[in-house]
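The values are calculated or read from the model by the stated rules, or taken from the named source; none is laboratory data. Note that the coordinates shown come from a computational prediction; the quantities given were computed from them, not determined experimentally. Cβ coordinates were reconstructed from backbone atoms using ideal geometry, including for glycine residues, and neighbour counts include every protein chain displayed.
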Amino acid sequence: MITLLESVDVRPSTVIAVDVGGTMVKGALVRGGAIVARAERSTFHHAAGAMSTIELVVDELLFTSDMAGSRATSIGVACPGSVHAGSGRVRNAVNLGWEDEPVAERLRATFSLPVAIDHDARAAALAAGASAGLDRPDTGPAVFIPIGTGISASLLLDGVPLTGASGRAGEFGHMRVVPQGELCACGQHGCLEAYASAGGIGRRYRAAGGSALLTTEQIVSARAHDAVAQRVWDEAIDALATGITAVTALFDPLCILLGGGLSRAGDALLLPVREAVGRSLAWRPLPSIQISALGPDAGLLGAALLTRALRTTSQNQEMT
Ligand SMILES: [Zn+2]
């Protein structure tokens, strides 16, 4: 299934891909379009914080690549928050406790390898768009919405994720969808992320008296006999549909791809979202709303794709 890099990677080398989430730091060695090894830690596994956990994961993958006789040549990192790819810094990531974190500079200094970083939704959108054939100039706008601990979104224009004037494009989860709504980790009330992220669904289910033992997937499955689960899920769908309606009205996308851990809910997510968006956009045809085929690996494969720019730069430098 994972072959999207082969067409663009005629001289495949091994790269380290890292997908930083609020719950887990997932890492992989990617070679020739395939994930050949994995390493992961809980985000705050290291007492010194998320950045030190990322270094642990990279160090383990570098050791693995050395043992395999194919040393990794670059590092690609997908991060949440306000990510500035040019400087390699994350200006703000509330789930990680970062304020102006020099991620690329620190990894370059520690491992002496070139480093590319970008927003996790934009990196994942690169991979999801490529796998869905939406990375060509003639395909029209597409939107990728990964739903996990948080929620973000990326608008693909001619296959390229929009960055925005200040690097903050993609913070879809902090769009206010419920006036006077519940408090979000960002300090605002009524954010989409507080209602429809996997983290928000679990928190709201437990706050409403649901079982503390259930995972988000179990909450989704429990709806038939658990009124609290059904209500929390319905409110998550309504919040998500409000966000998708706004994005559709504004950009008229050809396709909306849902990804991240919550996309494993499949039709339980897809069918009511289509129905709710259809009700609020009755004046126009709906865009195609699908589950991304890449699943939770989109972020990792996108992080690997980010390193293409590093290799293009170094090849250009070799030629001059
Ligand atoms: Zn928020």
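Every condition in (1) outside the structural domain of Thr242 (by TED's automatic domain parsing); (2) crowded, with 24+ Cβ neighbours inside 10 Å is met by Ser197 except one, and the failing one is (1).
Of the numbered criteria (1) surrounded by 18 or more Cβ atoms within 10 Å (Cβ to Cβ); (2) within 16 Å of the ligand (Cβ to nearest atom); (3) in a loop (DSSP other than H, G, I, E, B), the one Thr163 fails is (2). Residues that are over 20 Å from the mean Cα position of the chain (by Cα) and assigned to a loop (DSSP other than H, G, I, E, B) were ranked within the stretch 256-297; the one that is nearest to Gly21 (Cα to Cα) is Pro287. Out of curiosity, is Ala229 more than 16 Å from the ligand (Cβ to nearest atom), in a loop (DSSP other than H, G, I, E, B) and over 23 Å from the mean Cα position of the chain (by Cα)? Answer is no for this residue. Selection over the stretch 90-145 of residues that are outside any helix (DSSP H, G or I) and at negative phi gives a count of 30.
If you go through the stretch 128-140 and keep only what is under 20 Å from Leu270 (Cβ atoms) and touching an Asp or Glu at 6+ places or on another chain (Cβ under 9 Å), you end up with just Gly129. When the stretch 179-203 is filtered for residues that are part of a helix (DSSP H, G or I) and either of a type in the set (Val, Ile, Thr) or within 14 Å of the ligand (Cβ to nearest atom) (or both), the ones remaining, listed by number, are Leu192, Glu193, Ala194, Tyr195, Ala196, Gly199, Gly200, Ile201, Arg203. Among the residues of the stretch 251-273, is any assigned by TED's automatic domain parsing to the domain that holds Ser152, among the small types (Gly, Ala, Ser) and over 19 Å from Thr149 (Cα atoms)? No, the conditions are met nowhere in the stretch 251-273.
Test Pro253 against the criterion of being touching a residue at least 24 places away in the same chain (Cβ under 8 Å), part of a helix (DSSP H, G or I) and either more than 26 Å from Gln230 (Cα to Cα) or touching a helix residue (DSSP H, G or I) at 6+ places or on another chain (Cβ under 9 Å) (or both), and give yes or no.
For Pro253, the condition - touching a residue at least 24 places away in the same chain (Cβ under 8 Å), part of a helix (DSSP H, G or I) and either more than 26 Å from Gln230 (Cα to Cα) or touching a helix residue (DSSP H, G or I) at 6+ places or on another chain (Cβ under 9 Å) (or both) - is not met.
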